[in-house]
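What follows draws every value from the coordinates through simple rules; no lab data is involved. In this text, all values refer to a predicted model and were calculated from it rather than measured experimentally. Neighbour counts run over all protein chains shown; Cβ positions are idealised from the backbone, glycine included.
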Amino acid sequence: MSKNWWKALCVVLLLYVAVAGLLMPVPRLAILNESIRNLYFHVPMWFGMTFILFASVYYSIRYLRTPTPELDILSHEAARTGILMGLVGLATGSIWARYTWGAWWTNDPKLNGAAIAMLIYGAYLVLRSSFTDEQQRARISAIYNIFAFATAMPLFYILPRLTDSLHPGAGGNPAFAKYDLDSNMRLVFYPAVIGWTLLAFWLAQVASRLSLLKLKVYEKQLA
Amino acid sequence: MTLLSEIWVLIQKDFRLEWRQRAALNGMLLYVGSTVFVCYLSFSLRGGQLPAPAWNALFWIVLLFSAVNAVAKGFLQESRGRMLYYYTVVRPQAVILAKIGYNALLLLGLALIGFALYAIVLGNPVQNTPLFVGNVVLGAVGFASTLTLVSGIAAKATNSSTLMAVLGFPLMVPMLLLLIKVSKNALDGLEFEASQSSLLTLVALNMIVAAVSYLLFPFLWRS
């Protein structure tokens, strides 16, 4: 339990988010109405994605310093979890956009940035699959992973602030904190961010353990 | 030898090689020329002048494709034996910085020639020429620094030409968005102040990409 307390915390927080997020009072705002509850599910995905991709880059840097198959697996699975979080974030955002902005996809810098970031990480998976030698694959995909992170993050955190966007907090729109994130919503929003981020790390951990086991079985077969 | 003199020697070597085997250079010039001409022919069917946004987008797409083609051969043409020779005489940082510098100069030359051809056949709606040319310079440096490392990565894989496009295009999008925005400002003849923040972001992005390439290339080189 001393090592796995964060998993229990993750379960408790996400149960709380699911119940409180759907039942707690929310501010009545025109257009948004009840769909504002999506804030607890859509926004934390991007937080979780950023953290898990950062973890992936951290493992890639460690791999370049001391190359071991474990570090390669950790960074690969973390990147894959990041892609999953990004895709879920895009899906929840798309549904939200349909009911508030009137279209599944709008020409918004944040949407386009997120889609391009998914393409960048899709290229990471393609790159991985085009090597046969494991060590070369591990090293070169670690290099690309670091490079991709350095160019993808401006897409999320710098470019949307320079252009007009339908999202709050960009192009002169007030940020959420200004008008609609009241203290009741904060009570759910912050636990939601922590809970979904923990879930991302949990997913990455389980996936890495599976890959490590597969590697061990494969090595046994060879021996 | 200091790092700077090593870089200088390598850039001189690249230019000398290019000049001796003029097939590649002429090929690139023809590539730019024929792409511009195809654009001209396909748009002249409609008759009349292109609208400024279309002119702008087309110009950058032509540059993007010529850049990918010109830079792709950067590392592909280096034979394995020659890379081993470099390994014994210069440090890896000099190799990557020299390649970036050489590619930037090459792309700048191509872009300016392309701009001249483009302006002759499709008209020149640019109202603020110094801003436009400055933007093209930043674009050439940015394309070169992003694509040089990508071509180094792609050269290691089996299906390098596909990988070059898959890895390169999404990574260049943040830069391309800023470039298109600034060049639209230059087309409309806006003041320098209107594009100042975008230009600064562009310079910062170029520096991030070049710094990351500088740090990562030594790892890429070992294989």
Fill in the blank from the handout: Summed over the other residues with a beta carbon less than 14 angstrom from that of residue B:159, with K and R at +1 and D and E at -1, the charge totals +3
Handout entry: Positive-end extreme of charge dipole, the range B:3-221 - chosen from B:70, B:186, B:116 (charges on Cβ)
Key = B:70
Exercise for the section: Please say if the range B:3-221 is rounded, prolate or oblate, where rounded means a/c under 1.5 for a ≥ b ≥ c the square roots of the C-alpha gyration tensor eigenvalues, and otherwise the choice is prolate for a/b larger than b/c and oblate otherwise? Expected result: prolate
Practice task
Describe numerically, in nm with one decimal, the distance between label points set 7 Å from Cα along Cα→Cβ at residue A:65 and at residue A:16.
Solution key: 3.4 nm
Practice task
Per residue of A:108-120, count partner chain C-beta atoms within 10 Å of its C-beta, then hand back the mean as an integer.
Solution key: 2
Fill in the blank from the handout: Here the relative contact order (percent) of the range B:3-221, from C-alpha pairs under 8 Å and at least 6 apart, is 28 percent
Fill in the blank from the handout: Note: residue B:2 to residue B:89 extended length (0.36 nm per residue) minus current alpha-carbon separation gives 30.1 nm
Problem - Length added when fully stretched, residue A:214-residue A:23, from 0.36 nm per residue minus Cα-Cα - result: 64.5 nm
Practice task
Treat every Asp and Glu Cβ in the range A:79-139 as -1 and every Lys and Arg Cβ as +1, leave all other atoms uncharged, and give the resulting dipole magnitude about the Cα centre to the nearest 20 debye.
Solution key: 60 debye
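Let me check I've understood the local charge: for residue A:200, count other residues with C-beta under 12 angstrom from its C-beta, Lys and Arg +1, Asp and Glu -1. What total comes out?
0
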Problem - For chain B, calculated [θ]222 nm from helices alone, where every DSSP H run of n ≥ 4 adds -39500 (n - 2.57) - result: -30500 deg cm²/dmol
Problem - Fewest-first ranking of B:31, B:87, A:144, A:59, using other Cβ atoms within 10 Å as the exposure measure - result: B:87, B:31, A:59, A:144
Exercise for the section: Report the net charge of residues surrounding residue A:145, where surrounding means a beta-carbon distance below 13 angstrom and charges are Lys +1, Arg +1, Asp -1, Glu -1. Expected result: +3
Exercise for the section: Work from the charge dipole of chain A (Cβ charges, +1 for Lys and Arg, -1 for Asp and Glu, about the Cα centre) and give the residue of A:111, A:212, A:191 farthest towards its positive end. Expected result: A:212
Exercise for the section: Report, in debye and to the nearest 20, how large the dipole of chain B comes out about its Cα centre when Lys and Arg carry +1 and Asp and Glu carry -1 on their Cβ. Expected result: 720 debye
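Under the rule of -39500 (n - 2.57) per DSSP H run of 4 or more residues, summed and divided by the residues of chain A, what mean residue ellipticity at 222 nm is obtained, to the nearest 500 deg cm²/dmol?
So the calculated ellipticity at 222 nm is -26500 deg cm²/dmol.
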Completion exercise
The exposure ranking of A:183, B:197, A:141, A:60, fewest beta-carbon neighbours within 10 Å first, is A:183, B:197, A:141, A:60
Completion exercise
Applied in sequence order to the range A:82-94, the curve 6.51 cos²θ - 1.76 cosθ + 1.60 (Karplus, θ = phi - 60°) yields integer Hz couplings, x standing for Gly and Pro, of x, 4, 4, 4, x, 5, 5, x, 5, 5, 5, x, 5
Completion exercise
If unit charges are put on Cβ atoms (+1 for Lys and Arg, -1 for Asp and Glu) and the dipole of the protein assembly as shown is taken about its Cα centre, the option from B:85, B:220, A:47 lying farthest towards the positive end turns out to be B:85
Exercise for the section: Place a +1 charge on the Cβ of each Lys and Arg in the protein assembly as shown and a -1 charge on the Cβ of each Asp and Glu, then give the dipole magnitude about the Cα centre in debye, rounded to the nearest 20. Expected result: 1060 debye
Practice task
Give the shape of the protein assembly as shown as rounded, prolate or oblate, defined through the alpha-carbon gyration tensor: a ≥ b ≥ c are the square roots of its eigenvalues, a/c under 1.5 means rounded, and otherwise the shape is prolate if a/b is larger than b/c and oblate if not.
Solution key: oblate
Practice task
Please report the relative contact order for chain A, taking Cα pairs under 8 Å with a sequence separation of at least 6, and give it as a percent rounded to a whole number.
Solution key: 34 percent
Handout entry: Whole-Hz couplings from phi, Karplus 6.51/-1.76/1.60, listed for the range B:194-207; x for Gly and Pro
Key = 5, 9, 4, 5, 5, 5, 4, 4, 4, 4, 5, 4, 4, 5
